[in-house]
C-alpha cells in the first residue's frame, strides 16, 4: 500500500497554492511535510482530507485513484486528518464524540459504541472515561480521542497538521511514540510541521514544499542547514541600506509579559529608537502579532511596562495610544484597515483632523485627489476601498497615516504586493523613518526583513527567541532561528 | 444604462410579486383586478381617504427614518415596535397630566415621545455594547415588555372612567390633539406629515453630509476597521439607537395624539415592523423611504375596502406587502449573484 500524490494543482484566484505537487509515501512510513507559511502544505493536506477539490491531478491510495469531494469521502477512503485544533465537541462526552460522524443506523447504540471505544483505545494504549465531558480533557487527550475515532473508522493514512502546538513536553513525547507505533503497524503517517527539530526527531522521510512546488525529497536524516535552505530558498540581499541617524527611544518595553491565545511573550526588554526599524521574524502565529497588538494598545501586558516617548501606556486605551502618536496597520487591509463601501475621499475624511459637523464634499474630493496624486493611487476620490487593488489599498492606508506619528506598527506591510508596489511602500516608510518615526514591522519575507530592518526580533513558539543586529546575521541564520534552532 | 441595470431587476421583481398577488386572489375566488383597484380607490379615492393615507404615512415615515439610521450603523433594531409603544406611553402621560393650551402640549407630547423611545432604545443599545446581548434578542424582549406595559396601563392605572376596556383610555382633551387643517371638505394631518417628512430629510442630510453620518456608516460596515481608525464605535452605536428610538417615539406620539386621540393596546399599529420592510425595500437609503412608505400605507389603508366590498380579509394588504419585499430581495440577491459570478465560471463563453 502506498499513497501517491500525482501532479496536484490548486489555485485560489491568481495564487497557485499547489502547482504540480507529486510525491509518493510508502506503507509504514512517518513522512514529514516541511515548508514555510504559505508554501502550500495546508492546501495539500486539505485536498487529501477532502476539504478542497483539486483543479487537476489525483490522489492514489493502494493503487486506486480516489474521488475526494468531502471529508466524509476521505474518511471512507481511509484518510483521516487531525487538525491543529482537534475537532472535538467540548460539551459532549468522550463517548458521544467517539460515535459522532460514524456511519450507522438512525438509532444510536451507545453500549456497542462503548465496547468499541474500549477495544480501539486499548489497542492504541489510551485510556478514556467514556462519560467524561470532552471539555475536561487536555489538548493531548483530545488528540488521542481523535486518533482513536479515526482508527475505528478504518483510517489507513493519518495526517497530523502541526499537532504539537499547545501541548506539553510529556504529551508531545507520548504523541510521538503513538505515531511511531502507528507507522510500525503499517499506517502511513503524514506529519506537517515547520519545526525542524520535530521532523528530525520523528520522521524517516521528508518532502519540502516551497511556493506550491515540491523542491526537495529525501530519506532522513538530512543536515538541517540543507532543510533550511530548501524551505526558504537562497536569500540575497543587496547592501544598499543607509541607516537613519538614531534618536531617543520611542517605544520601550521593560520586562513586559504579554499573553494571547497560544502566544506567551515573557519578560521582554526591547526598545525602538526614533529613526530605527525593527523587523519581527517568525512563522505566522509565533507571537509577532501579539507584540504589535500590545504596543498598539489593543492588548494589555499582564506584567511589565510599555511606554512611548517616556510615557507609560500600560493600562491606556487604544485611543490613548493613537493620541500618543502610535499607529497600527494590521495585515487585513480590507478587514481591519479599510471599510468596504466607503470611498477614498470618505476614508480620508474619516482620518482627517477636521472635526466640523458638516462635511464640505467639494473640498474633501479635492483633498482626496491631492493624496491620490501624492501616493500614486490608482482610483478616483469616489472609488470604494474594495475596488482598489491590494497595492492601492496599501497606498491609501499609507496616506491615512497621520503626519505626526511617532511609532508605526506594521503587520506584513507588503504582503501580496508586486515588487513595484512593495518598493513604493518602503520608500514612503523610510521617509517616515528619516523624520524620526520608529518603525516596527512583522514580515514573513526574510529578504524584506534583512533589507529594511536595523534589528530583527525572531519569534518562535509564541515567544521571542532571539534578537539580532542585522549586520551580524544573514538569511541562513534567520532560517535556523525561525525554526527554533541556533546555528551550529 | 446604469439606472436600467439597477432598477430593471426591481421592476421584474415587482411584476412577479404582482402576478403572485393576483394568483392568490384567484385562489381565494376574488376578482383580482377589482380587488387591486379597490386598493387604489380605498387609499386615494377621495379627499378623506387621501387624508387617512397621509395620516398613516406619517408614523411609518418617522419609524422608517429612524431605522435608516440604525441600519446605517449595522444594527437590526427589532426593538422599534417597543420604542413606538413607549413613545406613545410617554406622550399619553404628558397629554393626560399637563394642563394648558395646544401650543404648550403639542411640543411637550412630541418631546416626551422622543425621550420615551430614546430611552427604550438605549436599553437595547447598552445591552448590546456593554452586555453582549445581540440587538435582535434585546429588542425583541423589550418589544414584549412594552406591549405588556401598554395593556397594563390601559386596563389598570389609566383605565376609562367607569369600566376598564381594551378599547383604550379616555379620549384626550382637545388641546392634546395634534392640530389639523381644514380644506376640501376634510381635515388634513399637517403636523404629522411635516414631522415625518422632516425626519426623512434630516436623516438624509445626516448620512450624506455630516461627519457623524460618515462615521456611523463606517461603524456599520466594518466595526473592526472603524475602531482601529480611532472611532469610538460604542458611542456611535448608542447614538444610532438614540436617534432611531427618538424618531420611533415620535411616531408613537403621532399615533396617540393625531390618530387615536387616546392610548390603545395596539398603539404601534405595526409601523415598526412595516418600517423594517420599507427600509429593506429602499435598500437602506433615506431618499426612497418616502415613496415606498406611501406605497405601503396605501396598500394597508386601501385593503380595508376589500373587507367591506368583497368580503376578503383585510390581511391581504399585509400579505401583498410581504410578497413584494420577498420578491424584491430575491431579485436583488439574484442580480448580485449574477454580477459576482464571472461568465467563464458560469460555463458561458
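Quick look at the values:
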item	result
Nearest 10 degrees, 0 to 90: helix A:419-434 Cα axis against chain A principal axis	50
Rg followed by Dmax, in Å, when chain A is reduced to its Cα trace	25.4, 76
In degrees, nearest ten, helix A:110-124 long axis to first principal axis of chain A (Cα)	80
Cubic angstrom per residue, convex hull over Cα atoms of region A:275-322	96
Average Cα contact separation per residue, region A:2-232, under 8 Å, 6 or more apart, as relative contact order %	30
Distance between modelled label sites at residue B:313 and residue A:271, nm, 7 Å Cα→Cβ extension	7.9
Rounded, prolate or oblate (a/c below 1.5 giving rounded, otherwise prolate when a/b exceeds b/c) for region B:105-232 by Cα gyration tensor	oblate
Tensor-based shape of chain B (alpha-carbon gyration tensor, a/c under 1.5 rounded, otherwise prolate or oblate)	oblate
Euclidean distance of C-alpha centroids, region B:148-162 and region A:275-301, integer Å	61
Among beta bridges that DSSP assigns inside the protein assembly as shown, antiparallel share in %, nearest 5	60
In degrees, nearest ten, helix A:139-152 long axis to first principal axis of chain A (Cα)	40
Selected from B:86, B:200, B:163 as most flexible by GNM, with chain B as the system and alpha-carbon contacts under 10 Å	B:163
Fraction of antiparallel bridges per DSSP, chain A only, in percent to nearest 5	55
Residue-averaged 222 nm ellipticity for the protein assembly as shown, from DSSP H runs of 4+ at -39500 (n - 2.57), nearest 500	-16000 deg cm²/dmol
Span from the region A:95-148 Cα centroid across to the region A:56-80 one, whole angstrom	24
Inverse mean reciprocal Cα-Cα distance (Kirkwood Rh) of region A:2-232, Å	18.2
Two-decimal ratio, the protein assembly as shown, of alpha-carbon radius of gyration to 2.2 N^0.38 Å	1.17
Shape of region A:12-67, Cα gyration tensor, a/c cut at 1.5	oblate
Chain B: most fluctuating residue of B:93, B:334, B:204 per GNM, C-alpha cutoff 10 Å	B:334
Candidates B:111, B:171, B:243: whichever shows maximal mean-square fluctuation once chain B is modelled as a Gaussian network with Cα springs under 10 Å	B:171
Considering only region A:332-478, percent of DSSP beta bridges that pair antiparallel, nearest 5	60
Euclidean distance of C-alpha centroids, region B:34-58 and region A:366-406, integer Å	52
Longest to shortest principal axis, alpha-carbon extents of region A:249-482, angstrom	52, 38, 32
Overall dimensions of region B:11-160 as given by Cα atoms, namely Rg and Dmax in Å	20.1, 55
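The numbers here are math on the coordinates, done by the rules we state, and not lab data. Owing to the predicted nature of the structure, the values given are computational and were not obtained by experimental measurement. Backbone-built Cβ (ideal geometry, glycine too); neighbour counts: all protein chains shown.
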